[in-house]
Amino acid sequence: MGGTEQKYVQQAFDTNWVAPLGPNVTGFEQDIANYLKEGNVAALSSGTAALHLALIMLGVQPGDEVICQSMTFSASANPIAYQFATPVFVDSEKDTWNMCPVLLEQAIKDRIANGKKPKAIIPVHLYGMPAKMDEILAIAAKYEIPVVEDAAEALGSSFQGQMCGTFGEMAILSFNGNKIITTSGGGALVSKNEKYKQKAIFLSTQARDAAPHYQHSHVGFNYRMSNIVAGIGRGQMEVLQQRVDKRRSIFEQYKEAFKNIEAISFAEEQQDMLCNRWLTAILIDPTKTKSGVNRETVRLALEAQNIESRPLWKPMHQQPVFAGAPYYGNGVADNLFDLGLCLPSGSNMTEEDFQRIINVILPLFA
């Protein structure tokens, strides 16, 4: 927490605005819009809820297909299943670890040839690293398929001077407890088109029609953010840039510490990209070590010292729940999962914490 969150939460109590409505909700939406330089933001209960509503508003129906990045957290793909549609998973490219534009076009062509033109494309800015949105958007425009940008991990990142979360027909953000700023739980839908914001608010508040009684012509959801949670968000927005700066500093510390270890590599920013470095993730190539040190060697060594680290996301095409879903890939995501490890990267990490981690890892490669 940055320290000012309590002020906004107290205001919610003092004014008795507690429900999913109130000055903090409106203010938080405006704070996000100002930061992104994008005018239409709907504050919701989670990033997953935002993605679900985006697919509904794009008309995704049972039996439809939606293209989704395979290398991501399951929340990128689950809303496709909520609509009883089929995810079509696309592999990553090596530079950013994000959706490969070449394989994306291959997947689109093949699905169209099979009589199923995808209804949407969901690229993900993995660990805050911007996807190659210029190439992805060009392909999407060529085939007239809308893009829903999953920027859950990328608040504060940018591509070609434009903030992540402002590229797609719609985009989603997450303020879950592990994100770069948090409202404990929460998310947002972002769009250039105000109609999507208004429709998202309508659907997220049980789709109540304009009538003196409770009347519903559409299926609605309880997906709106509360005024108390939004108050936490308002305080967090005040320290967002500090959080980005801190995470980027942590990344640079790790990079400096491992500069002489050939077996360790990172995802590097490409031209015109700025990554918020939400998490510092490394790849460990056991073929470049004398003793075959691999991801699990490092993870277990850290665990033995009560230091948590985790493998990269297990690709969606490997997940049992999505067994049988179409997949277009060449093994990049599989390799990332085999070699990748997320290191402690919290904004409250101290120099003592960092040295504890380094003192465990460096001797493994001596």
* To do: Kindly indicate the residue of region 323-356 that is under 20 Å from Pro101 (Cβ atoms) and among the hydroxyl-bearing types (Ser, Thr, Tyr) and also surrounded by the most Cβ atoms within 10 Å (Cβ to Cβ) among those meeting that condition.
  => Tyr328
* Could you grab me the full set of residues in region 262-315 that are assigned to a loop (DSSP other than H, G, I, E, B), closer than 29 Å to Ala151 by Cα and acidic (Asp, Glu)? => Glu268, Glu269, Asp272, Asp285, Glu308
* Restricting region 206-235 to residues that are in contact (Cβ under 8 Å) with a residue 40 or more places away in the chain and either farther than 16 Å from Asn24 by Cβ or not assigned by TED's automatic domain parsing to the domain that holds Lys37 (or both), the residue that is nearest to the chain's Cα centre (by Cα) -> Tyr223
* In region 274-297, which residue that is at pLDDT below 95 and among the hydroxyl-bearing types (Ser, Thr, Tyr) is surrounded by the most Cβ atoms within 10 Å (Cβ to Cβ)? -> Thr289
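The values are calculated or read from the model by the stated rules, or taken from the named source; none is laboratory data. All values reported here derive from a predicted model rather than from experimental measurement. Neighbour counts are summed over all protein chains in view; Cβ atoms, including those assigned to glycine, are modelled from backbone coordinates with ideal geometry.
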